[in-house]
Amino acid sequence: MTRELWLSPDFVGDPVEQRALEIKRAGEFGATFTHEDETHSYAALAPAALAANEQLELDLPGYDLRAAIRAALADKIEREVLPLGSSDDDWLERYPERLRLARQHADFGLRLSDGKLIAYWDNKAGLSRLCPDDAREEAMRLRRRVRPRFDELRKEGYRFGTFVFTTPNAARGELRDGMRAIFERFKKSVLHAKDDDGEPLFPQIKGALVVLEAPLGEHRDWNVHLNVILCVKGFLDFERLRQRWHWNYQHCQWISDAPGSFEGAMAEMIKYAVAATVAKSAEHADSGKSRAPPMLEWTGDELLEWLRGMHGFRRTRSYGALYGLDEPEAEEVGPIVWIGTVSLQRGRYVRRCTLLGSIPEDKFFGLSTAERWLALRKKLAPDGLAGAGSLGETIPRLTGT
C-alpha cells in the first residue's frame, strides 16, 4: 500500500502524526499541496469532500451500532464469562480490552485517483468472530483471495454453486466435537466419496470453499453447519449428493457471470455470530415466535463453550481446485489527501472535516457547507492552482456539516 505524504516528503516520523499534520493543513483556508510537481488547492477538493462527507454521515449509524455491539460483548465476557474460565483460558482475558479499544478514532481522506473516501483506524480488535467490522473486513479479504481463481476457472468452463450442509444440532458440551465431525463428514461423503468399485461418486466436484458456522439454536443446542461453494465441471446429480450426505442440505443457486453475483455469494459465506443485534432481538421478542437467541442473550456458560470451540479452530477451508490460494496483494490505495477525523464519543461517532470547515462565509446565516462552497466558488479566481479553475459553477445540493 503506497501513498504520498503531502506536507513533508522527507518525513520519517510516526505516520499517525503525519496524517494529523495533513488534516490540520487541510483546514487552513487557501492552503495548497503538491502532487506530481503541480500545486493544487485544497479548496478544489471541496465538491468531492462534500460528497464523501455526506456518505460518511449516512454510514455513521451503522458504525454506532457495531461499536455498541463491541461494548456490550466486552461487558458480557468480562462479567459472565471470565469468572467461569480456567487457567487454560488466559487467551480470553484480553478480549474485553481489545473490543473496547477498537476503532475509537480514524483519520479519513480522499483518494486522488477517484475521490473515494479512505479511512485509517487507529486500532482494531482483531477478533473477526466477535467484532462486526472485523468480520466484514475478513469477508472482503476472502473475496479478493478467491476472485482471481474463480475468474480463471470460469473461463475454463467450471461452474460454482452455493450450498448449505447441515447435521443434527450438537448438544451443549459437544460443540467442538460437532465442528470436527461435520468437516470430516463433508470430506468423506462429498469430496472423497467412493462407490462400491472404489471410483469417485462425484468426479464433477473439482474443489470447494467451506466456512463453518455454529450459532446457538432455538432449543439452546448448537446449529453446526457449513456454507459451501462447490467448484463443478459436468453434471452434478443433486439427489445422489443428498442421499450420500444423508442429512439435509440446501442448494441455493449457481453463481452466474452477472454483475454482483459472485460478490453476493461470497457475502453469504461469512457472517458474524452477533448479526442478530439486541434491537433485533427485542423486535422479535414480542412476536411470540420461537427464535434462535443472539449472542448477547447467551448465558456465560454457553458463550464460554462457543469461544473455546472457536479458539484456534480453522473454520474457513478450501479443497481441490480452490486449495492453496495466494494471499491477496495489498490494495494499491495511491495518494490520499487527509481531510478529517471520526472519533467515538459517548457511544456515538462524531466526524470532523477540517477541509469543509475551512470554507468561509458567515456561518451565522445558517448556510450549509454546500451553500457556503457555492458562494465561495463565485469569488474564487486563483492563479497557478491546478484544478480550481476547472471546477463547475454548480454542484448538487448536499447536507452541510
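The values are calculated or read from the model by the stated rules, or taken from the named source; none is laboratory data. Because the structure is predicted, anything quoted here is derived from the model rather than measured. No Cβ is skipped: glycine too gets one built from the backbone with ideal geometry, and neighbour counts run over all protein chains shown.
Things worth noting here:
- With respect to the conditions (1) out of contact with any strand residue (DSSP E or B) (no Cβ under 9 Å at 6 or more places or on another chain); (2) not assigned by TED's automatic domain parsing to the domain that holds Leu241, Leu142 lacks only one, and its number is (1).
- Remark: Asp107 matches the filter, which requires a residue to be touching a strand residue (DSSP E or B) at 6+ places or on another chain (Cβ under 7 Å), charged (D, E, K, R) and not in a loop (DSSP other than H, G, I, E, B).
- Arg103 being surrounded by fewer than 19 Cβ atoms within 10 Å (Cβ to Cβ), in contact with a Lys or Arg (Cβ under 8 Å, 6 or more places away or on another chain) and among the charged types (D, E, K, R): no
- Within region 167-226, tally of residues that are assigned to a helix (DSSP H, G or I), over 18 Å from Tyr249 (Cβ atoms) and without any contact (Cβ under 8 Å) to a residue 24 or more places away in the chain: 2
- If the condition is being farther than 14 Å from Phe108 by Cα and either out of contact with any helix residue (DSSP H, G or I) (no Cβ under 7 Å at 6 or more places or on another chain) or among the charged types (D, E, K, R) (or both), then region 41-59 contributes Pro47, Leu58.
- Selection within region 101-116 - on the phi > 0 side of the Ramachandran plot and under 17 Å from the mean Cα position of the chain (by Cα): Arg103
- Every residue from region 15-56 that is in a loop (DSSP other than H, G, I, E, B) and closer than 27 Å to Trp121 by Cβ: Gly27, Glu28, Ala31
- Check on Glu36, at pLDDT 80 or above, assigned by TED's automatic domain parsing to the domain that holds Asp107 and acidic (Asp, Glu): no
- Matching residues, region 317-342, being exposed (fewer than 15 other Cβ atoms within 10 Å of the Cβ) and in a strand (DSSP E or B): Gly320
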